[in-house]
Amino acid sequence: MIIATYNVNGVNGRLNVLLRWLDAARPDLVCLQELKAPQEKFPEAALRDAGYSAIWRGQKSWNGVAILSRRGQLIERRRALPGDSEDAHSRYIEAEVEGLVIGCLYAPNGNPWPGPKFEYKLAWFQRLQKHAKKLLTAGAPAVLAGDYNVMPTEIDVYKPERWTDDALFRIEVREAYAKLLKQGWTDAIRTLYPGQRVYTFWDYFRNAYQRNAGLRIDHLLLSPELAPKLKRGGVDREVRGWEKTSDHAPAWVELDWPAKPKRKIAAKKRAS
DNA sequence: ATGCCGTGGAAACCACGA
């Protein structure tokens, strides 16, 4: 099963690029972020025609998250992070599908630092930590995928010294991300490419993509039960070079899931 | 290396993004 995350930066303005990528990559489950569309303007029909069912939480102008599936039915579990009923941002949606839990998230940007937006980001991460811990305690196989707006380490930034006081790289935010890993979550892309430069975002200007001046801020975190099922993964970076494209590229993993029953082996064991 | 580009929405500029 292939699970992908893609910050589309406007799901309607980006529809052709999204459909083109879905057709080429054929992911089974997709987490989308930055829909930038109200609930009623989500392109449900076009995605259905492409073979995907969807659940989403839209919002006028900003944010917005969705989960797509071309396999099992998506059963929505929640459409917000718990912990702040006043929080109106559409930044989290969670479903059960194919026997696993998939959470799609769009973390706050948090700039400028310091300030209220940065404080909101830290508080949001605390809520995420609390909820992520609950998922682990519940024991279900789970994936938390999305735009975390964090470069976890120096290797995830083309020029770390320029980003030290940026909300995406401030130590408080990196520590918040590290805390998730300490809970038991596995950063799938980093696990597959240890010590290598892998980026998921390139700015629109200054020829960032051509210069490979990128950031790794889109992540797929796997629960302990799923981590050993990780087969391969990567970033579809060529999508970033397409016309009218997002500033993010899709990141994806392939999991050996649902695990194939080993009937023959079991039968042999019983026979011997 | 300062939103320089890009999106959406409202009213031809503004908020926001990373």
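The values are calculated or read from the model by the stated rules, or taken from the named source; none is laboratory data. The shown structure was predicted, so the numbers you read here are calculated from the model rather than taken from an experiment. We place every Cβ from the backbone using ideal geometry, glycine too, and count neighbours over all the protein chains shown.
Structure data summary
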| quantity | calculated |
| --- | --- |
| Any chance A:G241 is surrounded by fewer than 16 Cβ atoms within 10 Å (Cβ to Cβ) and either modelled with pLDDT of 95 or more or under 19 Å from A:G103 (Cα atoms) (or both) | yes |
| Some residue of the stretch A:134-145 being polar (S, T, N, Q) and either buried (at least 18 other Cβ atoms within 10 Å of the Cβ) or within 16 Å of DNA strand B (Cβ to nearest atom) (or both) | no |
| Residue in the stretch A:167-182 that is farthest from DNA strand B (Cβ to nearest atom), counting only those that are buried (at least 19 other Cβ atoms within 10 Å of the Cβ) and in contact (Cβ under 8 Å) with a residue 40 or more places away in the chain | A:L180 |
| Residue that is nearest to DNA strand B (Cβ to nearest atom) [pool: residues in the stretch A:212-231 that are in a strand (DSSP E or B) and touching a Ser or Thr at 6+ places or on another chain (Cβ under 9 Å)] | A:L215 |
| Answer from A:V97, A:V30 - the residue that is among the β-branched types (V, I, T), in contact with a helix residue (DSSP H, G or I) (Cβ under 9 Å, 6 or more places away or on another chain) and more than 15 Å from DNA strand B (Cβ to nearest atom) | A:V30 |
| Qualifying position, being more than 9 Å from DNA strand B (Cβ to nearest atom) and touching a strand residue (DSSP E or B) at 6+ places or on another chain (Cβ under 9 Å), among A:A37, A:A25 | A:A25 |
| Residue satisfying condition, being more than 30 Å from A:A123 (Cα to Cα), within 12 Å of DNA strand B (Cβ to nearest atom) and modelled with pLDDT of 95 or more, within set A:Y199, A:Y209 | A:Y209 |
| Given (1) at pLDDT 95 or above; (2) part of a loop (DSSP other than H, G, I, E, B), number of the condition A:A140 does not satisfy | (1) |
| Strands (runs of 3 or more DSSP E) enclosed by the stretch A:1-60 - at least 1 residues per element that are in contact with a Lys or Arg (Cβ under 6 Å, 6 or more places away or on another chain) and in contact (Cβ under 8 Å) with a residue 24 or more places away in the chain | A:53-57 |
| Contacts under 7 angstrom Cβ, first residue in the stretch A:183-208 being under 25 Å from A:K133 (Cα atoms), partner surrounded by fewer than 18 Cβ atoms within 10 Å (Cβ to Cβ) and not hydrophobic (A, V, I, L, M, F, W, C), 6 or more apart | A:Q183/A:K133; A:G184/A:P224; A:L192/A:R232 |
